[in-house]
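The values are calculated or read from the model by the stated rules, or taken from the named source; none is laboratory data. None of these values were measured; they are calculated from a predicted model. Backbone-built Cβ (ideal geometry, glycine too); neighbour counts: all protein chains shown.
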Amino acid sequence: MAGRVPERPLEPPLTVCSLDPFYLIVDRADWLTRLLPLGVKLVQLRVKDRPEAELRGEIARARDLCRGAGAQLIVNDYWMLAIDAGCDFVHLGQDDLAEADIPALRRHDVKFGISTHDDAELERALSYAPDYVALGPVWPTLLKEMKFGPQGLEKLGRWKKRVGDVPLVAIGGLTPSRACLALAAGADSACVVTDVLRASDPETRTVEWVTATAPWRDASELTRGFSPDYAGADVFPSPNHGPRAKAVSALILHYTGMPTAEGALELLCSPIREVSAHYFVEEDGRVLQLVPEERRAWHAGVSYWAGETDMNSASIGVEIAHPGHIDPHPFPPAQIESVITLSRDICERRRIAPRRVLAHSDIAPRRKIDPGEFFPWETLAEAGVGHMLAPSPAMEGPALELDMAGAAVSHLQSQLANFGYKLAETGIYDEDTAATVAAFQRHFRRSRVDGRADASTIDLLTRLLAI
């Protein structure tokens, strides 16, 4: 049997293996006395180039420490020594399959996982009916030179569909934030070596890993997959959501405002940051659904619109991958087309009125400026998404502005409040009024965003209120 792929598939294990979402690899048992008390529950001992007597001693010590802590030990490579030591799990590389006696492992009730890097290796691994398969490197790794390039998150998702109930382990270049991405993409466990062992403070880094992966360990109701509400979306579950307290009545559009889409996804999927959205639209137009629409995503923050103070409960949030004002370039056409199709679908299903398609800056004018004055609201309106009228040109001349007071200011404040903004009618053109006018301009009169209520701004506001 050793040295070749079985002529027919081996029988799968009777029960599906359950792995902790944080999979730590250590190169000596001494690490376990430091890190197991911090909540580590899954450990691989990877010891290389040591005399057999030392290997046996390391394995036995790791076995005892893990048993004492209630942690699962996986022995790398040395499957015969693992059997001798009474261990119940080993990890095998592709080269190890030529020598490993798989039936012997099964006879001794020893589970095994197998490393894979491409489709051929995956098919070979699955023919052995493993208890898990590992895919790597998902990101570039510092541990060793690899003949395989980074596999990426999309491949994780494809492979999870291929392996079904077989647990999938992501390995290579992971950090706590990337671990959340890997788990959301379909991995059952995220494996780490250097990010912990080479950290300046391995204990603190371990705690970060345990905390970041906690929802996948302790709150399956927040991390399980779901059927997308929008047929064009790929599901990418974020744990950051809760129950809705209000019916959906608004659609809020955001930009991510971060240099990379991946960095934004890390933020939206990290339980430490407590931020999320229902949908994420990538630059190439791909749509991910992070949170079911029936749940309350955490995208709006402290916000208000037309009397509603819990906009998270009352809205659906769409994050559009774009660096925002750190690089204010046009949104790609494919991305905008996806935003239009998605928004139209949401508004039709949820019966959201055009005037309730809002910018993040509309509901939080003092805090937010996204999706920005370079977002093509007119294009969306032409496609049937949102509430727009053509503004008259911005004009020179008298305008209401900071520190002015009187009946004209009061009337402007009243109009903005009637439109939906949170603004008190004080009769004084204060910072709140300027921020609110700028938010209105950023959405409805993008040619000049200066917080001054010129004739063009006032005219457009009046006409929009009349619709």
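Tabulated data
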item	result
Unmet requirement for residue 226, which otherwise passes all of (1) buried (at least 20 other Cβ atoms within 10 Å of the Cβ); (2) more than 23 Å from residue 301 (Cα to Cα)	(1)
Criterion: in contact with a helix residue (DSSP H, G or I) (Cβ under 7 Å, 6 or more places away or on another chain) and either modelled with pLDDT of 95 or more or of a type in the set (Gly, Ala, Ser) (or both) - qualifying residue of 169, 133	133
Filter result for residue 369 (part of a loop (DSSP other than H, G, I, E, B) and aliphatic (A, V, I, L, M))	yes
Members of segment 453-463 found to be surrounded by 18 or more Cβ atoms within 10 Å (Cβ to Cβ) and either of a type in the set (D, E, K, R) or in contact with a Lys or Arg (Cβ under 8 Å, 6 or more places away or on another chain) (or both), listed by number	454, 456, 457, 460
Residue match in segment 35-48 (condition: modelled with pLDDT under 95 and farther than 30 Å from residue 173 by Cα)	no
Unmet requirement for residue 296, which otherwise passes all of (1) buried (at least 20 other Cβ atoms within 10 Å of the Cβ); (2) basic (Lys, Arg); (3) closer than 21 Å to residue 378 by Cβ	(3)
Unmet criterion (only one of (1) closer than 20 Å to residue 255 by Cβ; (2) of a type outside the set (S, T, N, Q); (3) crowded, with 22+ Cβ neighbours inside 10 Å) for residue 387	(3)
Residue in segment 432-448 that is surrounded by 15 or more Cβ atoms within 10 Å (Cβ to Cβ), in contact (Cβ under 8 Å) with a residue 60 or more places away in the chain and polar (S, T, N, Q) present	yes
Single condition residue 334 does not satisfy, out of (1) surrounded by fewer than 24 Cβ atoms within 10 Å (Cβ to Cβ); (2) within 24 Å of the chain's Cα centre (by Cα); (3) among the small types (Gly, Ala, Ser); (4) under 12 Å from residue 250 (Cα atoms)	(4)
Options 43, 90, 75, 47; residue that is of a type in the set (Val, Ile, Thr) and under 30 Å from the mean Cα position of the chain (by Cα)	43
Hits in segment 31-56 (condition: free of Cβ contacts under 8 Å to residues at least 12 places away in the same chain and either in a helix (DSSP H, G or I) or closer than 18 Å to residue 196 by Cα (or both))	53, 54
Count of residues meeting criterion [more than 21 Å from residue 151 (Cα to Cα) and surrounded by fewer than 19 Cβ atoms within 10 Å (Cβ to Cβ)] in segment 99-127	9
Any hit, segment 68-76, residues being assigned by TED's automatic domain parsing to the domain that holds residue 27, at pLDDT below 95 and not in a strand (DSSP E or B)	no
Selected residue (criterion: farthest from residue 240 (Cα to Cα)) from residues of segment 191-228 that are in contact with a strand residue (DSSP E or B) (Cβ under 8 Å, 6 or more places away or on another chain) and of a type in the set (Val, Ile, Thr)	193
Options 83, 114; residue that is in contact with a His (Cβ under 8 Å, 6 or more places away or on another chain) and in a helix (DSSP H, G or I)	83
Considering residues of segment 373-396 that are in a loop (DSSP other than H, G, I, E, B) and of a type in the set (A, V, I, L, M) only, the residue farthest from the chain's Cα centre (by Cα)	395
Residue, modelled with the lowest pLDDT, within segment 322-359, restricted to residues that are touching a Phe, Trp or Tyr at 6+ places or on another chain (Cβ under 7 Å) and farther than 11 Å from residue 385 by Cα	328
